[in-house]
């Protein structure tokens, strides 16, 4: 009998730690859990409940349980349920004493509390009244999910049926977007007109006359080979009916509403600060995106100082190149000289793949841990390339079924100069986003909310720091390639100036464009796309430089403290081995690591 209860206790404890039993401390089975085990169960319970409310996120990380669900995440009921989830787990977290936890569990708990408190504060701001913009257009997101090339799987008949169920939930979601925008009109909380004009052609791309022309029809044009003829016929009919009867009509309804009712009510101002409560709203977004207690004025001044510093570096580069002319003339030369412009989209993609191979070969010089997942370089889809950024990254599927993807925008070739290629590849792929996010996702010992979580300033700060590493790796082989690194950093410094200028200081869209054109090598088309991106996602652009400055500062501290004992590979391991976290917590972690390394170095002597 004793052996039976021992085995039973072990089984129940294992289930607890895997988040499957739902057993709470002090329950009738009489198991006494350690503080770390209680915390682990808390984290796992939370993530399970969170995934139920975020089924698209579950799909994106390879969790197939909710592949047939699409929450109406713009509805009042959904917002109430997400707030209730946050409050419930804040109450449970209040029962945990962090001083009783091990170092790793204490770190998880600190990240957990930060996330919950940020989510709670987010509910006080009306983001739901601005559900559509040209950068994160809901209609494009749904189309990419259902085109057969995204995270939604289309491998079995059940996969196809799951997407049919999700498609059925699209019209209520788009209807809710219209309801919210109408409420926004009544409250004076509307999008800038310049942004919404760009939304209309994005939606009209999907307003096809034949269902077979719709991206939603693509999965039934490329069935897996093992599908029976009966399944093929049935699913083609079902997809054709869904697209004709409710997908196209709901897209048309949204298009008509934006064109005829919303656009005439859109504002002529451009920054978030001009909306009711907009200054406080922007202040919250700054704290959320940077993970630090900073305000707009502080960041604006840092930006001005960084722009000035990098301008001085560029003058030195010009002297090394023997360039005779002003900085502005040098910028114009970099933007317009034919030697920097690719002849075709294929040439541009090929250049990225050359840098990809070179990085793959050199990366062991600075790193000792590597992601298991691979990544691919792909062009941005045609339906979003005109408003998409120059490059972006999508992390691999956690189950290994899909690699990471480095998307390259191949439209407007004059805006994609050759000197920008290497820094962008390092930023988006290796050792930037792919390296950091894939490694994080593969840290199976971490709670899942950390494995699949995101801290913008850490993630983007690391990616910008990774661009600098190209110098140490030897990736930048030509003077202009090295110049491209300074130009890339300058661009992120400018973001500090213009994002805060736009949203906190009342700058107009035109003022921001003028500042960019005067202070960086950029075409007008890219400047327009960038400023409209900042209008769409306030404060996100701040995360890059703020995060990079923090990581760079931590490395300098470590180098100064450890001297000859500093090992850059171990430093990079320490930065990456626990995944993304708020910068304030990263600083504490690295400071502890420096102290330990200092003691160990002293002992070795």
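Only the coordinates and a few stated rules stand behind these numbers; no lab work does. Keep in mind the model is a prediction, meaning the values are calculated, not measured. Positions of Cβ are generated from backbone atoms using ideal geometry, with glycine treated the same way; all protein chains shown enter the neighbour counts.
Helix-only mean residue ellipticity at 222 nm, the chain, DSSP H runs n ≥ 4 weighted -39,500 (n - 2.57), per residue, nearest 500. What is it?
Working: 25 runs with 360 residues, N = 605.
-19500 deg cm²/dmol, from helical runs alone.
What is the range 417-503 by shape, rounded, prolate or oblate, if you read a ≥ b ≥ c off the alpha carbon gyration tensor as root eigenvalues and call it rounded for a/c under 1.5, prolate for a/b larger than b/c, and oblate otherwise? Here the range 417-503 falls in the oblate category. Ranked by the mean number of other Cβ atoms within 10 Å per residue, highest first, peptides 130-139, 535-544, 474-483 order as 535-544, 130-139, 474-483.
Work the Kirkwood hydrodynamic radius out for the range 131-268: mean of 1/r over every pair of different alpha-carbon atoms, inverted, in Å.
Numbers: mean 1/r = 0.0628 Å⁻¹.
This gives a value of 15.9 Å.
Given contacts defined as C-alpha pairs under 8 Å and at least six residues apart, what's the relative contact order of the range 131-268, whole-number percent?
Values: 128 pairs, mean separation 53.6, N = 138.
The value is 39 percent.
Its Cα gyration tensor gives the chain an equivalent ellipsoid. The semi-axes, each the square root of 5 times an eigenvalue, are 37, 35, 25 Å from largest down.
Hey, can you rank 296-309, 453-466 by average C-beta count inside 10 Å, highest first? Please report the intermediate quantities before stating the final value.
Working: 296-309: 16.9, 453-466: 24.4.
Output ranking for 296-309, 453-466: 453-466, 296-309.
Please arrange 385, 213 by how many other C-beta atoms lie within 10 Å of their C-beta, fewest to most. Working shown, then result.
Details: 385 16, 213 12.
Result, fewest neighbours first: 213, 385.
Peptides 311-320, 517-526, ordered by how many other C-beta atoms sit within 10 Å of their residues on average, highest first, read 517-526, 311-320. Full extension of the chain between residue 454 and residue 287 gives 58.7 nm of extra length, using 0.36 nm per residue less the Cα-Cα distance.
Taking a ≥ b ≥ c as the square roots of the eigenvalues of the Cα gyration tensor of the range 448-605, is the shape rounded (a/c under 1.5), prolate (a/b larger than b/c) or oblate? Intermediate values should be presented prior to the final figure.
Values: a/c = 2.69, a/b = 1.77, b/c = 1.52.
Prolate.
Restricting to the chain, what percent of DSSP beta bridges are antiparallel, rounded to 5?
40
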